[in-house]
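What follows draws every value from the coordinates through simple rules; no lab data is involved. All values reported here derive from a predicted model rather than from experimental measurement. With ideal geometry, Cβ positions are generated from the backbone for all residues, glycine too; neighbour counts draw on all protein chains shown.
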């Protein structure tokens, strides 16, 4: 029962962080400085395969499967120290990239290695390129 409560509280916190503001846009070759908190360079090959969903404190990059459904690749999130304390033990594949005292910035990557459907090769190629894309991230001061 305690585990169910923790998972529900975690889901509610993530939903609260993400749902405050939503704006979606397609990924570009070299995205300009994001007014939110970072800039990133995406390979040209990602343009037709990846969507970017921007929220107030999080940006999610997803692969579009052949049904048009997003499949999580990675996210960049900004949280306060107290939010991080509440979340960090429950996050999978998360890596802190900056702690400026006011906010903690972290990246969470997909751990899936396959996708059902005809575009499995595309998805696996994108998974292999994630680290290079993540290394291109520049956090705004």
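Classify the range 36-92: rounded, prolate or oblate, from the alpha-carbon gyration tensor (a ≥ b ≥ c, eigenvalue square roots; a/c under 1.5 rounded; otherwise prolate if a/b is larger than b/c)? Verdict is prolate for the range 36-92. Taken along the Cα-to-beta-carbon direction at a fixed 7 Å, the label points for residue 94 and residue 128 span 3.0 nm.
With 10 angstrom as the radius, rank 136, 75, 48 by how many other C-beta atoms surround their C-beta, starting from the fewest. Display every interim value, and only then the final one.
Details: 136 14, 75 19, 48 10.
Lowest to highest Cβ neighbour count: 48, 136, 75.
If each residue of separation counts as 0.36 nm, what is the full-extension length gain between residue 120 and residue 56 once their alpha-carbon separation is subtracted?
Working: separation 64, 0.36 × 64 = 23.04 nm, distance 3.11 nm.
Gain on extension, residue 120 to residue 56, equals 19.9 nm.
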